[in-house]
Amino acid sequence: MARLGTIKKAILALFCFGLIVTASAVPTQAQDAENGPNVEGIMATSDSLSFGSSVRDSASEVPVIIEERGGLMGKIERSPFGQSGAGELFVKGGNFMWWLLFTAIMGLVFTIERFWTLSRARVNTRKLIGTVITTLRNDGVQAAAEECQKVRGPIAAILNSGLQKVDRGPEAVEKSITTAGTIEMAFLERGLIWVSSVSTIAPLIGFLGTVSGMINAFEAIASSDSVNAQLVAAGISEALITTATGLVIAIPTSIGFNYFVSTIDRFVIEMEEASAELIDELQRQKYGS
């Protein structure tokens, strides 16, 4: 429980961090109106990219304002990371990339935590139930319960819970096993809702970033006297970065979620088989009757 509380606090801190950086990463115009538009970035290509005119001609007709990002996003853009391929894509994606980064971290944390927990819970079920039944026949209930306590995992936990109620009769054993199975299932499924949420929310955030980028691109087109193909292509390509990022986050998270669900289903089958064998053995040895 303490570990789960720590994870929740970390997620809350990341959420607040996303709010702060999103509010602070507002683009600012680095060019004064007196100096006129800066068209060096557009004039770098001399091929004909506009509709009926070259880029150089369009640059003289279309007022283009090169914006320098402010806040944390601007610092990242000017940092060595911002000059790398991943950093450049992150900056071009806009403020929604912060939310995608938050969802990616959350998905990674819970995926690692579930993988580690389920890996530790996995045991050789046949070997465990064989040891418990053999010990039960030779040394009694208390010795069999001690064997269960030596092994971690949900299967050993439900067997131990049933053995603790042997003196109260078969019905008490079955009820104890059922209750322990419910508790262990809740433990195995804990955190899966966050993994599932990331696989669902990440593409939606990516699409929202794309829609926002497309709105900005079309607003830039509407404010221009003539349409420049490079302006249109740049706006659309930057808008699609968030969609691609959301899908990159969602695909492995969905694979992890499906893997965890199948692993838990296998645990459920093993728990049912182990508990059924234990109850049959207890009835055969007439314990608690």
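Taking only the range 227-264 into account, find how many residues are in a helix (DSSP H, G or I), touching a residue at least 60 places away in the same chain (Cβ under 8 Å) and among the β-branched types (V, I, T).
8
Here are L118, L108, L100: which of them is surrounded by fewer than 22 Cβ atoms within 10 Å (Cβ to Cβ), of a type in the set (A, V, I, L, M, F, W, C), closer than 16 Å to T253 by Cβ and touching a Ser or Thr at 6+ places or on another chain (Cβ under 7 Å)?
Working: L108 fails: touching a Ser or Thr at 6+ places or on another chain (Cβ under 7 Å); L100 fails: surrounded by fewer than 22 Cβ atoms within 10 Å (Cβ to Cβ).
Just one listed residue meets the conditions, L118.
Taking interchain pairs and intrachain pairs at least six residues apart, which have beta carbon atoms under 7 angstrom, with the first residue in the range 96-113 and small (G, A, S) and the second in a helix (DSSP H, G or I)?
Matching pairs, first to second residue: A104/I249; G107/V195; G107/V198; G107/I249; G107/T253.
Hey, can you tell me all the residues within the range 83-97 that are at pLDDT below 75, in a helix (DSSP H, G or I) and surrounded by fewer than 18 Cβ atoms within 10 Å (Cβ to Cβ)?
Scanning the range 83-97 gives Q83, G85, A86, G87, E88.
Can you find even one residue in the range 265-273 that is among the basic types (K, R), within 21 Å of T117 (Cα to Cα) and outside any loop (DSSP other than H, G, I, E, B)?
Among the residues of the range 265-273, at least one is among the basic types (K, R), within 21 Å of T117 (Cα to Cα) and outside any loop (DSSP other than H, G, I, E, B), which makes the answer yes.
Which ones in the range 171-193 are over 38 Å from the mean Cα position of the chain (by Cα) and either of a type in the set (A, V, I, L, M) or crowded, with 17+ Cβ neighbours inside 10 Å (or both)?
Residues satisfying the conditions are A172, V173.
The values are calculated or read from the model by the stated rules, or taken from the named source; none is laboratory data. Everything quoted here is computed from the prediction, not taken from an experiment. FYI the Cβ positions are ideal-geometry reconstructions off the backbone, even for glycines, and counts take in every protein chain you see.
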